[in-house]
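Enquirer: Below you'll find the structure I mean.
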Amino acid sequence: LAMSSATSTTSLPSGLHVLITFPDVLFIPEIAFGGLVWILVASSKVPLPMLQGWVMFVSVFCFVMSTTLLCLYICGAHGGSSSWVTLVSGCDKP
């Protein structure tokens, strides 16, 4: 796998080249596990539904955000701007 897009701010990958850099390829398991968490939270029964609603909101938000960022990277919406590295690193911090 190639060097990280986060370590090289001069050229960010776009198109299918996103899927060959190590940090960006981690979007795929992040989306898969995010979907799994979403399903497990939705199917669980908890005594306080308000708590389940908050956890559901966070899991759906993270799932949608990861999917949106991956699609934007593949479309090349970043335009080579290094501020996207900051955006992705900020979104990946739990």
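The values are calculated or read from the model by the stated rules, or taken from the named source; none is laboratory data. The structure displayed is predicted, hence computed values, not measured ones. Backbone-built Cβ (ideal geometry, glycine too); neighbour counts: all protein chains shown. Areas reflect the complete protein model, heavy atoms only, side chains present, ligands, DNA and RNA absent. Shrake-Rupley method; radii C 1.70, N 1.55, O 1.52, S 1.80 Å.
Enquirer: Which condition does Gly76 not pass, out of (1) at pLDDT 75 or above; (2) on the phi < 0 side of the Ramachandran plot, if it passes all the others?
Expert: Among (1) at pLDDT 75 or above; (2) on the phi < 0 side of the Ramachandran plot, Gly76 violates only (2).
Enquirer: Can you pull out the residues in the stretch 24-77 that are touching a residue at least 24 places away in the same chain (Cβ under 8 Å), open to solvent by less than 60 Å² (accessible area, probe 1.4 Å), in a helix (DSSP H, G or I) and not β-branched (Val, Ile, Thr)?
Expert: Asp24, Phe27, Gly34, Gly35, Ser59, Phe63, Ser66, Leu69, Leu70, Tyr73 - these are the residues of the stretch 24-77 that are touching a residue at least 24 places away in the same chain (Cβ under 8 Å), open to solvent by less than 60 Å² (accessible area, probe 1.4 Å), in a helix (DSSP H, G or I) and not β-branched (Val, Ile, Thr).
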